[in-house]
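A.B. asks: I have a structure I would like to understand better, so I am pasting it below and will then ask my questions one at a time.
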Amino acid sequence: MSADRLEYEKLAQKVEQLNEQLLHSEKLASLGQLAAGVAHEINNPIGYVASNLVSLKEYIDSLMMLIRQLSNQLPVEQTNKLKQLYDFDYISKDLPILMSQSESGLLRVIEIIRELKDFSHIDDVEFTEVDLHLGIHSTLNILANELKYKANVKKVFGDIPRVRCVASQINQVVLNLILNAVQAFKSFGIITITTGCDDSWAWIRVEDNGPGIEQDKLETIFQPFYTTKDIGTGLGLALSRSILEKHAGILEVKSSVGKGSCFTIKLPINS
Ligand SMILES: Nc1ncnc2c1ncn2[C@@H]1O[C@H](COP(=O)(O)OP(=O)(O)OP(=O)(O)O)[C@@H](O)[C@H]1O
Ligand SMILES: [Mg+2]
């Protein structure tokens, strides 16, 4: 192959790679929008299912009373036969269990929808006074399934004031850091999320006991497109740092190979 051809092939490969990365970053940006869209779509049907369930419970109670009262009018033998025929005793025991399971399932769905909405904060790209702990909770709920078999999450929350920030963007940073920790684990790991503050900063620390990062890579990991993963884009930390810059904040890292990594999000208070 000629040198020109080789150069061309290399360039074509690079363009292809950049295209894929761009597509992924667009996907990342639209994740919040998608979450909000899904939450909105599910909200409506879940609303009437929830209200129907309340009515159904009342109707069932009334019907059971009616059956019991009617059965008192019949001879005992006939009542017993009918009850057996329709499995009445089993049904009357199982009904409240089914209702309460449906209720708690529904409550869980309603909670997930609320978390999705909290997480995406799609309408709010403005700075507001935010309770950072709420954002961390909703981010952890979004990731609950992802984390279940891979990591244990410990929360050590301090007493911190509300912080002026764009909630959806800070959630995105926390999400990136937790995902990175999970993806770094070679076996089941521990992620510790600590919050606290001093006179100038409120901080969120995401610490893992994963493989750690070499000292000479501690700056490189923030460069766009730097990744050690097959499916990574290498944009997570670069985006996270730029989000913090927009907040006049800092994203710091400390790591020790074989022991783990610790990322700290610092946001200014009283600014
Ligand atoms: N907690 C961590 N433990 C070990 N290595 C990490 C950790 N966090 C980040 N890294 C290293 O930093 C690199 C860059 O991280 P970054 O989040 O920017 O990109 P990515 O995770 O590879 O891809 P993406 O986030 O776009 O899916 C990772 O590929 C990984 O090598
Ligand atoms: Mg990442």
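The values are calculated or read from the model by the stated rules, or taken from the named source; none is laboratory data. Remember, it's a predicted structure, so these values are computed and weren't measured experimentally. Because the Cβ atoms are built from the backbone with ideal geometry, glycine has one as well, and the counts that use them run over all protein chains shown. Heads up: the accessible areas ignore ligands, DNA and RNA and are worked out on the full protein's heavy atoms, side chains in. Shrake-Rupley method; radii C 1.70, N 1.55, O 1.52, S 1.80 Å.
A.B. asks: Please give the contour-minus-distance gain from LEU218 to ILE91: 0.36 nm per residue of separation, less the Cα-Cα distance, rounded to one decimal in nm.
C.D. replies: Answer, rounded to one decimal: 39.4 nm.
A.B. asks: Which residue fluctuates the most in the chain, going by a Gaussian network model with Cα springs under 10 Å, if the choices are GLY37, GLY189, GLY258?
C.D. replies: Of GLY37, GLY189, GLY258, the Gaussian network model singles out GLY258 as fluctuating most.
A.B. asks: Moving on to the next point. Using a simple spin-label model with points 7 Å from Cα along the Cα→Cβ vector, what separation in nm is obtained for LYS186 and ASP159?
C.D. replies: Distance between the two pseudo-spin positions: 4.3 nm.
A.B. asks: Determine how large the accessible area of ASP61 is when every protein chain is in place; take a 1.4 Å probe and give Å² rounded to the nearest 10.
C.D. replies: Roll a 1.4 Å probe over it and ASP61 shows about 90 Å².
A.B. asks: Related question: Filter the cross-link list LYS186/LYS246; LYS150/LYS254; LYS229/LYS259; LYS14/LYS148; LYS57/LYS148 down to pairs whose alpha-carbon distance in this structure exceeds 28 Å.
C.D. replies: Among LYS186/LYS246; LYS150/LYS254; LYS229/LYS259; LYS14/LYS148; LYS57/LYS148, the Cα-Cα distance tops 28 Å for LYS186/LYS246; LYS14/LYS148; LYS57/LYS148.
A.B. asks: On to the next question. As I understand it, the dipole of the chain uses +1 on the Cβ of Lys and Arg and -1 on the Cβ of Asp and Glu, about the Cα centre. Which of ASN209, SER62, TYR86 lies farthest toward its positive end?
C.D. replies: Of ASN209, SER62, TYR86, it is TYR86.
A.B. asks: For the chain, what does the helix formula give at 222 nm: sum of -39500 (n - 2.57) over DSSP H segments with n ≥ 4, over the residue count, nearest 500 deg cm²/dmol?
C.D. replies: -20500 deg cm²/dmol
A.B. asks: For LEU66, tell me the accessible area in Å² from a 1.4 Å probe, rounded to the nearest 10.
C.D. replies: 90 Å²
A.B. asks: Could you order GLU146, GLU58 by accessible surface area, starting with the largest, using a probe radius of 1.4 Å?
C.D. replies: These residues rank, largest area first, as GLU58, GLU146.
A.B. asks: Now a separate question. Could you quote the convex hull projected area for the chain, Cα atoms only and averaged over all directions, in nm²?
C.D. replies: Seen from a random direction, the Cα hull of the chain projects 23.3 nm² on average.
A.B. asks: To continue, here is another question. Taking all protein chains together and a probe of 1.4 Å, list VAL109, VAL166 from the most accessible to the least accessible.
C.D. replies: These residues rank, largest area first, as VAL109, VAL166.
A.B. asks: Next question. With both partners inside the chain, how many of the DSSP beta bridges are antiparallel, as a percent to the nearest 5?
C.D. replies: 80 percent
A.B. asks: Just how much of LYS150 is accessible, in Å², when a 1.4 Å probe is used and the result is rounded to the nearest 10?
C.D. replies: 90 Å²
A.B. asks: What are the DSSP H helices in the chain that stretch 27 Å or more along their long axis, judged by alpha-carbon atoms, and whose average Kyte-Doolittle hydropathy comes to at least 0.0?
C.D. replies: Flagged H segments are 88-120.
A.B. asks: Something else now. Mind ordering 46-54, 220-228 by average Cβ neighbours within 10 Å, highest first?
C.D. replies: Ranked from most to least packed, the peptides come out as 220-228, 46-54.
A.B. asks: Starting from the residue with the highest accessible area, list HIS133, HIS247 in decreasing order, probe 1.4 Å.
C.D. replies: I get HIS133, HIS247, largest accessible area first.
A.B. asks: Next question. Of the candidates GLU103, GLU207, GLU16, which one comes out as most mobile in a Gaussian network treatment of the chain with C-alpha springs shorter than 10 Å?
C.D. replies: Answer for the Gaussian network model of the chain: GLU16.
A.B. asks: If Rh is defined by the Kirkwood formula over all Cα pairs and Rg also comes from Cα, what ratio Rg/Rh do you get for region 128-268?
C.D. replies: Result: Rg/Rh = 0.94.
A.B. asks: Could you provide, to the nearest whole Å², the per residue accessible area of region 122-187 with probe 1.4 Å?
C.D. replies: Here the per-residue accessible area is 53 Å².
A.B. asks: What's the carbon and sulfur percent of the chain's accessible surface, probe 1.4 angstrom, rounded to a whole number?
C.D. replies: Answer for the chain: carbon and sulfur cover 56 percent of the accessible area.
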